[in-house]
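**Student:** First the structure, then my questions, so here it is.
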Amino acid sequence: MSSSRFRIEGVQHILQQWLASRGMDANFSRYRVWQYWDAAVGKQIAARAKPVRLRGSVLEVRVDHPVWMQQLQLLKPRILTRLNEQLGEHLIDDLFLRHGRNAHYQSEENQDSLPGHWQNEPLSEKERQDIEKSLAHLEDQELRRHLRHLMEMQLRLDKARRSKSQSA
């Protein structure tokens, strides 16, 4: 183990002890959700949705597009299960999904100026195969179906954005 990692873990342990001595360790445990978010939801979702606030046991998540919000609403029970598994105990009871722009996403004005038919943008066979390959490890068919839809829509949106920027 590297010495810097050892020092960080040591500081974390000291901080946990200090918080526990003041009765604040439960809050500290909940805030670890930021540390586990990407692993719990996967790269594709983590790129579009970020935790922004914790109110009690409700995690507020900012989602960059309404299509993603709808899909995450359907996936909410699984996301909560995975988050709580990552945390090692049941600490998060609900997700509050809020539409909003995160710093690294394009502005909504730019998204709104895309052609209205971007959802029908065709996908190549290779793109479809890449999606299937990335989902192959998932045993849950319903989760796989929802994530496939999300990934297809994201590819279509990205293609429309590239098309728009090339024609500009």
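Laboratory data are not the source of any read-out in this text; all were calculated from the coordinates shown. Source: prediction; values computed, not measured. Backbone-built Cβ (ideal geometry, glycine too); neighbour counts: all protein chains shown.
**Student:** How long are the three semi-axes of the equivalent ellipsoid for region 32-105, computed from the Cα gyration tensor as the root of 5 times each eigenvalue, in whole Å, largest first?
**Tutor:** 18, 12, 12
**Student:** Among the GluC sites (Glu not before Pro) within region 29-99, which fall in a DSSP loop and have no more than 15 other Cβ atoms within 10 Å of their own Cβ? Walk me through the intermediate numbers first.
**Tutor:** Values: sites: Glu60, Glu85, Glu89; in loops: Glu89.
Counting only loop positions with at most 15 other Cβ atoms within 10 Å, the GluC sites (Glu not before Pro) in region 29-99 are Glu89.
**Student:** Direction-averaged shadow area of the convex hull around the Cα atoms of region 115-168, nm²?
**Tutor:** 4.0 nm²
**Student:** Further question on the same structure: Quick one: what are the phi-derived ³J(HN,Hα) couplings along region 84-94, Karplus 6.51/-1.76/1.60 with θ = phi - 60°, whole Hz, x for glycine and proline?
**Tutor:** Taking θ as phi minus 60°, the curve returns 5, 5, 4, 6, x, 6, 7, 10, 10, 8, 7 Hz for region 84-94.
**Student:** Arrange the following residues from fewest to most other Cβ atoms within 10 Å of their Cβ: Met151, Met69. Show your work: numbers first, answer last.
**Tutor:** Details: Met151 20, Met69 17.
So the residues, fewest neighbours to most, are Met69, Met151.
**Student:** Shifting gears a bit: What list do you get for Leu143, Leu87 if you sort them by fewest beta carbons within 10 Å?
**Tutor:** Working: Leu143 14, Leu87 17.
Listing Leu143, Leu87 from fewest to most nearby Cβ atoms yields Leu143, Leu87.
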